[in-house]
Amino acid sequence: MSSDSSSSSSASAVSASSTSGDVNRGNRGIPKATFIEDVVSAVKDSKSADALLQQLQALYGKYKFMESHLVQQQKSLLQKIPDIKNALAALHHLMSGPKEKAVKVHFELADSIYANANIEKEEKVLLWLGANVMLEYNYEEADELLTKNLKNAEVNLSSLEEDLAFLKDQITVSEVNIARIHNYNVQLKKETREREARESGSSSSSSSSISKRGLIREAGTIPAGSM
């Protein structure tokens with residue numbers, strides 16, 4: 001039989017400021033991502049699109065780290081809950097047997113290997129508490145402990161699933177924000193290159209015109225005063 005406490009919260013893994021306004025913290029202190037409606041204003045407030053992108057990507061990375069951590073906790077709970085239920089079922093089987101008589105059981109030694117055994121009525125069981133610690137309990141105490149741990153594990157799993165759903169929403173909002181700022185940044189850089197090309201072309205044309213006029217004047221084709 002086994003018994004284990006629930007995994008601790010990892011809210012401290014994420015500590016980031018919102019890119020627009022105050023942070024509205026949701027479950028486990030996870031910062032709520034704010035959808036950027038006005039991209040132009042957001043970029044101006046951050047001084048540059050690259051700076052805003054860097055900030056958004058940092059927050060997105062923390063969201064993904066938190067998601068990975070919560071998924072691991074979820075997997076752990078999904079494994080522990082069946083173990084606790086099996087331990088309770090075995091305990092109830094022992095408790096329901098006739099008093100002062102051995103109980104016949106069919107238990108698993110290893111994967112796909114089972115054995116029959118007779119368990120003498122001792123009115124006591126040993127429970128694994130984790131960290132290589134095992135304690136002896138009577139039936140009533142073991143039943144109370146296992147029932148409590150099962151209830152806590154199920155409550156924690158339900159809360160964890162809500163946290164993951166909330167976190168996935170924030171990840172989606174962050175991805176949309178990053179895509180919109182990236183596209184705007186690409187547009188800005190394209191417009192900057194086109195403007196510089198026009199200015200460069202205009203400057204070259206003006207210089208060429210002046211140079212040609214100078215050559216004509218030197219050749220005496222047109223009077224200097226007419227230019």
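The values are calculated or read from the model by the stated rules, or taken from the named source; none is laboratory data. Here the structure is a predicted model, which means the values were calculated and not measured. Ideal geometry is used to build each Cβ from the backbone, glycine not excepted, and the neighbour counts take in all protein chains shown.
Key figures for this structure:
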quantity: Number of the exception - E161 against (1) touching a Lys or Arg at 6+ places or on another chain (Cβ under 9 Å); (2) touching a residue at least 40 places away in the same chain (Cβ under 8 Å); (3) not β-branched (V, I, T); calculated: (1)
quantity: The lone exception for A110 - which of (1) closer than 30 Å to V43 by Cβ; (2) free of Cβ contacts under 8 Å to residues at least 12 places away in the same chain; (3) hydrophobic (A, V, I, L, M, F, W, C) it fails; calculated: (1)
quantity: The listed residue being over 22 Å from N183 (Cα atoms), modelled with pLDDT of 85 or more and more than 38 Å from the chain's Cα centre (by Cα), out of A89, A115, A102; calculated: A115
quantity: The one condition in (1) touching a Pro at 6+ places or on another chain (Cβ under 9 Å); (2) in contact (Cβ under 8 Å) with a residue 40 or more places away in the chain that A153 fails to fulfil; calculated: (1)
quantity: Hits in segment 38-63 (condition: touching a residue at least 40 places away in the same chain (Cβ under 8 Å) and either closer than 16 Å to T172 by Cα or aromatic (F, W, Y) (or both)); calculated: L53, L56, Q57, A58, L59, Y60, K62, Y63
quantity: Test: residue in segment 179-189 that is under 21 Å from K80 (Cα atoms), in contact with a helix residue (DSSP H, G or I) (Cβ under 9 Å, 6 or more places away or on another chain) and in contact (Cβ under 8 Å) with a residue 40 or more places away in the chain; calculated: no
quantity: Top-ranked residue in segment 74-121 [being in a helix (DSSP H, G or I) and β-branched (V, I, T); ranked as nearest to K148 (Cα to Cα)]; calculated: I84
